[in-house]
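Inspection log for the structure reproduced underneath, given as structure tokens.
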Amino acid sequence: MEEVLKKISENLIKGNAPAVEELVASALKEGIAPKAIMDNALVTGMAVVGNKFKNNELFLPEVMIAARAMKAGLKILEPVLRKSNAELKGTLVLGTVRGDLHDVGKNMVSMMFRGAGFEVIDLGIDVPDEVFVEKIREHCPEVVGLSALLSTTLPAMKSTVEAINAAGLHEQTIIMVGGAPVTKEFANEIGADGWAPDAASAVEQAAALLKERTLEADR
């Protein structure tokens, strides 16, 4: 079993989507648990990709190729996970804020969170405040991610946070923000719970914030 999982992880890191898809299907046929494939092959592989990206050992095109390989594996695995009611680590509602049409960073975050075992509800680009509010009500996510690439759309990011607050939904979810013009100071200023400079750090930050919230709830 370990050998198959290792091969899946290695091919994901290389970005070999056909091999990942074939190996995941083969692992399921061999009776390997879907959660084991997710945690010990796909998640492990994307964690390596994320760390290499943070350390400048891999660059954006290579990460996107690895992300496509991850997606190929998930295409086979996700229906089985849902069928078996395998426990996800949480749900992320994600979108680029109103007025901003950029999605490369958002797509990176989406794949990293999927790789970490989250269900991702990707709302796309140019997402109005009311759509974020509507989808938070619908999906009750543990984390909401707001993305922006243009500095001119930072007011829209602030407006979205305010809309979530006004709807009384902030208490039930963690709001994270990111994108080229977004700083930690700006995140604090608009009342976001977290900020990350890149997709891999966003996953780590979300995990830390969720752990902190769980500990507070247990006190």
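What percentages, rounded to whole numbers, describe P(r) for segment 1-90 computed over all alpha carbon pairs with 10 Å bin width beginning at zero?
19, 52, 25, 4
Rounded to two decimal places and with Rh computed the Kirkwood way over Cα pairs, what is Rg over Rh for segment 38-151?
In segment 38-151, Rg relative to Rh is 0.98.
Compute the angle between helix 199-218 and the longest alpha-carbon principal axis of the chain, please, reported from 0 to 90 degrees and rounded to the nearest 10.
Taking the Cα atoms of the chain, the angle to 199-218 is about 70 degrees.
Show me the GluC sites (Glu not before Pro) within segment 1-38 that DSSP assigns to loop and that have at most 15 other Cβ atoms within 10 Å of their Cβ. All intermediate terms of the calculation are to be shown ahead of the outcome.
On the way: sites: 2, 3, 10, 21, 22, 30; in loops: 30.
Answer in residue order: 30.
Tell me the mean residue ellipticity at 222 nm calculated for the chain from its helices only (DSSP H runs of n ≥ 4, each -39500 (n - 2.57), averaged over every residue, nearest 500).
Details: 10 runs with 129 residues, N = 219.
Theoretical 222 nm ellipticity from helices: -18500 deg cm²/dmol.
Relative to the longest principal axis of the C-alpha atoms of the chain, give the angle of the C-alpha long axis of helix 17-29, reported between 0 and 90° and rounded to the nearest 10°.
Orientation of helix 17-29: about 70 degrees from the principal axis.
Helix 43-54: angle to the longest alpha-carbon principal axis of the chain, degrees 0 to 90, nearest 10?
With rounding to tens, the tilt is 60 degrees.
What FRET efficiency comes out for the pair residue 211/residue 6, r = Cβ-Cβ distance, R0 = 25 Å, nearest 0.05?
With R0 = 25 Å, the Cβ-Cβ based efficiency is 0.35.
Please state, as a whole number in µm²/s, the translational diffusion coefficient that the Stokes-Einstein equation yields for segment 119-212 at 25 °C and 0.890 mPa s, with Rh defined as the Kirkwood radius across alpha carbon pairs.
My calculation gives 185 µm²/s for D.
Averaged per residue, what accessible surface does the chain expose to a 1.4 Å probe, in Å²?
Result: 50 Å² of accessible area for each residue.
Specify the inter-centroid distance of segment 126-158 and segment 1-28, based on alpha-carbon positions, in whole Å.
Going from one Cα centre to the other spans 34 Å.
Would you list, by chain and number, the lysines whose Cα falls below 26 Å from the Cα of residue 184, excluding same-chain residues fewer than 8 positions away?
By straight Cα distance, residue 184 reaches 52, 54, 89, 106, 135, 158, 211.
The values are calculated or read from the model by the stated rules, or taken from the named source; none is laboratory data. Note that this is a predicted model, so its numbers are computed, not measured. As a convention, Cβ positions derive from the backbone with ideal geometry for all residues, glycine included, and neighbour counts pool all protein chains shown. Remember, those area values only see protein heavy atoms, side chains included, never the ligands or the DNA or RNA. Shrake-Rupley method; radii C 1.70, N 1.55, O 1.52, S 1.80 Å.
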